[in-house]
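The values are calculated or read from the model by the stated rules, or taken from the named source; none is laboratory data. Being a predicted model, the structure only gives us computed values, none of them experimental. All Cβ positions, glycine included, derive from the backbone under ideal geometry; neighbour counts span all protein chains shown.
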Amino acid sequence: MLRGKQSWEFSNHPVIRSTGVAVGPFEANGNLTADFDVIHDDLWMGNTSYEQAHRMLLEEAAQTALKKSNLKPEDTQFFIAGDLINQITPTSFAARDLQIPYFGLFGACSTSMEGLALASFMVNYGGANNVLTGASSHNAAVEKQFRYPTEYGGQKPPTAQWTVTGAGVGLITNNPLNDEKLPYTTSATIGKVIDMGLADPFNMGGAMAPAAADTILAHFNDLQKDPSYYDLIVTGDLGKIGRETALALLKEKGLSLDSNKFKDCGLLLYKENQPVQSGGSGAGCSATVLYGHLLNEMKNGMYKRILLVATGALLSPLTVQQNETIPCIAHAVSIEI
Amino acid sequence: MADSKKKNKTPKQQQYAKFEQQFETKRPVLKNCIKAFFVGGLICMIGQFISYLYIYFFHFTEQTSGNPTSATVIFISMLLTGFGIYDRLGQFAGAGSAVPVSGFGNSIISAAIEHRTEGFVLGVGGNIFKLAGSVILFGVFSAFVVALIKTIFLMMTGGL
């Protein structure tokens, strides 16, 4: 049901029945290793290109999610996913192998929540019984496309972020099967594209912060809730700089968040001593942390209600070279248990 | 930021740029300069050492030892790139490892490795000078301009 200007409420409570998360070596050395299903100890993962490894991550995550629910691809009506590579080929190629009717999304790093919002909407209104949704990224494949060759010795500034190698997939269903308590989605807020004029591709957190703030404000306005409703508000990949900027922006607009309850997936994923500059980023960042870590925490009783706000920078290497600024977007989905 | 870029921004965007800047972690410029000075200096010292080797063992002169020395330094940096060490050195040293000729070698071989999956002709061949190409173009062009100015100057002053 439409609530306010840009939010949906899911009164039938679509359930996230199972999840699958596959990650690379750098993420395996991070903070959340225990929450991942498949861990690879090198970036090639036995493939001949990084793009193939990227596709494999998503396939593994999808297969894991299906297996945990005892479902086959043909039991699933739709597959809604995306990534950062040109023409989202890793995702489309994975969809070719999965043979599930497919919606390819591009919302940069906000794809995970764009997918979860759409999947929840479909399941809530009977458009589907089971929907597989997720997002993925591969550090070397994404760096190759957006920045310099991976072995190039350029110095990254402290505002830069580290692209996550990982895929996170969730199975959204109207049929929870057993009595086990499972997390379900309750609402989603779709963001609009915000461009506050920053143009530095090595500072995406700063560019994305206004989009995150805008969507968070819209969410609370539309649903007539206040931040105390949530145990945790998590942004996708704002990093250190973006997170602080977003907090300050929200405060300026009259919404004070408890800084202990305002976290960022890009900061949760890695250890302090890992050289990720401002934090993790990439489409796989929010997907791996949500479908791996956060939902586990919810099942363990750590959180009852969370709001995940995935942020995306909608730039391309071409627009950067043509001196365009960086338009950004954020989508929020609330999950309860 | 360039003024031309600033002009295209709305007042709101300019205000945000200022607001956002207070949260940015600044580049540690002084620290970077010191690191670049020492690492760059060290690379050049190694180069000097190699150049002396060519002079003493292979009968090169101080004028002619430049070419084999650059080639050797480039070769070493290519090996380091292939073994995945040079990009880490680059993150530490910044300009220190980018400015010497070893940085040039790194930019070539890293592009070659990166595009190996697209085949030898269109992948490696088409992309190997992706980063170094502009160095070569503008290097050759500025050498030409300087030589032209020198020649004209000498002709006018009757030196030629």
Of (1) within 14 Å of another protein chain (Cβ to nearest Cβ); (2) farther than 30 Å from A:Lys240 by Cα; (3) touching a Ser or Thr at 6+ places or on another chain (Cβ under 6 Å); (4) of a type outside the set (Val, Ile, Thr), B:Glu24 satisfies every one except (2)
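Mind listing whichever residues of segment A:47-73 are out of contact with any Pro (no Cβ under 7 Å at 6 or more places or on another chain) and within 14 Å of chain B (Cβ to nearest Cβ)?
Of the residues in segment A:47-73, the ones out of contact with any Pro (no Cβ under 7 Å at 6 or more places or on another chain) are A:47-50, A:52-53, A:56-57, A:59-65, A:67-73.
Passing the criteria: A:Asn47, A:Thr48, A:Ser49, A:Tyr50, A:Gln52, A:Ala53.
Is it fair to say A:Asn70 is at pLDDT below 95, surrounded by fewer than 23 Cβ atoms within 10 Å (Cβ to Cβ) and under 19 Å from the mean Cα position of the chain (by Cα)? Break it down stepwise before answering.
Numbers: at pLDDT below 95: yes; surrounded by fewer than 23 Cβ atoms within 10 Å (Cβ to Cβ): yes; under 19 Å from the mean Cα position of the chain (by Cα): no.
Taking the combined requirement at face value, the residue does not satisfy it.
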Per the filter on segment A:85-112, residues part of a loop (DSSP other than H, G, I, E, B), aliphatic (A, V, I, L, M) and touching a strand residue (DSSP E or B) at 6+ places or on another chain (Cβ under 7 Å) are A:Ile100, A:Ala108
Residues of segment A:45-84 being part of a loop (DSSP other than H, G, I, E, B), out of contact with any helix residue (DSSP H, G or I) (no Cβ under 6 Å at 6 or more places or on another chain) and not small (Gly, Ala, Ser), in sequence order, are A:Thr48, A:Asn70, A:Leu71, A:Lys72, A:Thr76, A:Gln77
Of those in segment B:87-96 that are in a helix (DSSP H, G or I) and in contact (Cβ under 8 Å) with a residue 60 or more places away in the chain, the residue nearest to the other protein chains (Cβ to nearest Cβ) is B:Ala95
Inside segment A:75-86, the number of residues satisfying the requirement of being more than 15 Å from A:Ala135 (Cβ to Cβ), among the charged types (D, E, K, R) and at pLDDT 95 or above is 0
When every residue in segment B:47-64 that is in contact with a helix residue (DSSP H, G or I) (Cβ under 7 Å, 6 or more places away or on another chain) and surrounded by 13 or more Cβ atoms within 10 Å (Cβ to Cβ) is compared, the one farthest from the other protein chains (Cβ to nearest Cβ) is B:Phe60
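When you look at B:Gly133, is it more than 14 Å from every other protein chain (Cβ to nearest Cβ) and small (Gly, Ala, Ser), yes or no? Spell out how you get there, then give the answer.
Numbers: more than 14 Å from every other protein chain (Cβ to nearest Cβ): no; small (Gly, Ala, Ser): yes.
Taking the combined requirement at face value, the residue does not satisfy it.
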Within segment B:67-86, the residues that are in a helix (DSSP H, G or I) and surrounded by fewer than 14 Cβ atoms within 10 Å (Cβ to Cβ) are B:Asn67, B:Ala71, B:Phe75, B:Leu79
The condition of being touching a helix residue (DSSP H, G or I) at 6+ places or on another chain (Cβ under 8 Å), of a type in the set (A, V, I, L, M, F, W, C), under 30 Å from A:Pro327 (Cβ atoms) and in a helix (DSSP H, G or I) holds, among B:Ala111, B:Ala36, B:Ala17, only for B:Ala111
Test for A:Asn323: is it surrounded by fewer than 16 Cβ atoms within 10 Å (Cβ to Cβ), farther than 24 Å from A:Asp195 by Cβ and not assigned by TED's automatic domain parsing to the domain that holds A:Cys109: no
Being on the phi < 0 side of the Ramachandran plot, aliphatic (A, V, I, L, M) and in the same structural domain as A:Gly279 (by TED's automatic domain parsing) narrows A:Met113, A:Met204 down to just A:Met204
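Could you tell me which of the residues A:Cys328, A:Cys265 is surrounded by 18 or more Cβ atoms within 10 Å (Cβ to Cβ), closer than 20 Å to A:Gly24 by Cβ and in contact with a helix residue (DSSP H, G or I) (Cβ under 8 Å, 6 or more places away or on another chain)?
Working: A:Cys328 fails: closer than 20 Å to A:Gly24 by Cβ.
Among A:Cys328, A:Cys265, only A:Cys265 is surrounded by 18 or more Cβ atoms within 10 Å (Cβ to Cβ), closer than 20 Å to A:Gly24 by Cβ and in contact with a helix residue (DSSP H, G or I) (Cβ under 8 Å, 6 or more places away or on another chain).
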Among (1) modelled with pLDDT of 95 or more; (2) surrounded by fewer than 16 Cβ atoms within 10 Å (Cβ to Cβ), A:Asn260 falls short only on (1)
When segment A:238-259 is checked residue by residue, the ones that are without any contact (Cβ under 8 Å) to a residue 24 or more places away in the chain and touching a strand residue (DSSP E or B) at 6+ places or on another chain (Cβ under 8 Å) are A:Leu247
Would you confirm whether any residue within segment A:99-107 is out of contact with any Pro (no Cβ under 8 Å at 6 or more places or on another chain), within 14 Å of chain B (Cβ to nearest Cβ) and more than 30 Å from A:Ala218 (Cβ to Cβ)?
no
Does segment A:58-67 include one or more residues that are farther than 30 Å from B:Thr117 by Cα, buried (at least 18 other Cβ atoms within 10 Å of the Cβ) and more than 18 Å from the chain's Cα centre (by Cα)? yes
When A:Tyr270 is run through (1) out of contact with any strand residue (DSSP E or B) (no Cβ under 7 Å at 6 or more places or on another chain); (2) more than 14 Å from chain B (Cβ to nearest Cβ), the failure sits at (1)
Residues that are of a type in the set (A, V, I, L, M) and more than 30 Å from B:Phe92 (Cα to Cα): does segment A:146-165 have at least one? no
